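Okay, structure first, notes after.
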Amino acid sequence: MPVIRRGEPGDLAEIDSIQSASPEAPHWNAADYLRYDVLVAVRGNRVVGFIVSRALSEDEREILNLAVSPDFRRQGIARALCETIMDGFRGGVYLEVRASNHAARKLYESLGFEAVGSRQKYYNSPPEDAIVMKFRSC
């Protein structure tokens with residue numbers, strides 16, 4: 001399993017590289033992530049995945065982006081990043097996911113997220129609807 005730690009400014013180039021290799025993920029200016037809660041998954045010296053989230057209130061959190069390097073997908077890294085965000089959190093966790101991103105939707109459903117709505121033409125390049133999903137802890 002990878003080491004998961006807080007993201008740092010020195011991780012931004014690798015985060016940007018992972019994001020560029022993930023057309024299904026939102027593409028932000030990587031430096032903007034530092035305004036939020038950023039965790040990275042590290043194998044050896046390499047950042048192989050990241051998750052960005054923010055607290056909306058004491059009992060609500062939103063996952064803004066999650067991506068794993070293509071060479072490290074399907075190894076439990078995305079699951080470990082999500083579980084780290086959700087571990088011990090009491091409340092609702094929300095996210096949006098591209099309607100066509102079946103792999104991500106399947107992962108989120110396996111973690112207990114449920115579709116609760118949609119946002120028409122939420123994504124650009126290409127334009128696509130988002131499925132809004134929510135996880136509710138005990």
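The values are calculated or read from the model by the stated rules, or taken from the named source; none is laboratory data. Predicted, not measured: the structure shown is a model, and the values here were computed from it. Cβ placement follows ideal geometry from the backbone for every residue including glycine, while neighbour counts extend to all protein chains displayed.
With respect to (1) touching a Ser or Thr at 6+ places or on another chain (Cβ under 9 Å); (2) not in a strand (DSSP E or B), the lone exception for SER100 is condition (1). Selection of segment 19-28 for residues being surrounded by 13 or more Cβ atoms within 10 Å (Cβ to Cβ) and either modelled with pLDDT of 95 or more or in a loop (DSSP other than H, G, I, E, B) (or both) yields ALA21, SER22, GLU24, ALA25, PRO26, HIS27, TRP28.
Scanning segment 74-128 for residues that are over 17 Å from GLU62 (Cβ atoms), at pLDDT below 90 and acidic (Asp, Glu) yields a total of 1.
Of the residues that make up segment 75-98, is at least one farther than 23 Å from ARG35 by Cα and in contact with a Phe, Trp or Tyr (Cβ under 9 Å, 6 or more places away or on another chain)? Yes, segment 75-98 contains a residue that is farther than 23 Å from ARG35 by Cα and in contact with a Phe, Trp or Tyr (Cβ under 9 Å, 6 or more places away or on another chain). The residue of segment 56-87 that is nearest to ARG136 (Cα to Cα), among those that are part of a loop (DSSP other than H, G, I, E, B) and without any contact (Cβ under 8 Å) to a residue 40 or more places away in the chain, is ASP59. Return a yes/no flag: does segment 32-42 have any residue that is closer than 24 Å to SER125 by Cβ and not in a helix (DSSP H, G or I). Yes, segment 32-42 has at least one match. Take the conditions (1) modelled with pLDDT of 95 or more; (2) of a type in the set (Val, Ile, Thr); (3) more than 11 Å from the chain's Cα centre (by Cα); ILE51 misses just one of them, which is (3).
Can you find, within segment 1-18, the residue that is nearest to the chain's Cα centre (by Cα) among those that are assigned to a loop (DSSP other than H, G, I, E, B) and in contact (Cβ under 8 Å) with a residue 60 or more places away in the chain? It comes out as PRO2. Residues in segment 29-55 that are more than 15 Å from MET1 (Cα to Cα), touching a residue at least 12 places away in the same chain (Cβ under 8 Å) and surrounded by fewer than 19 Cβ atoms within 10 Å (Cβ to Cβ): ALA31, LEU34, TYR36, ASP37, ARG54, ALA55. None of ARG90, ARG105 is touching a residue at least 24 places away in the same chain (Cβ under 8 Å), surrounded by fewer than 13 Cβ atoms within 10 Å (Cβ to Cβ) and either of a type in the set (A, V, I, L, M, F, W, C) or not in a strand (DSSP E or B) (or both) except ARG90.
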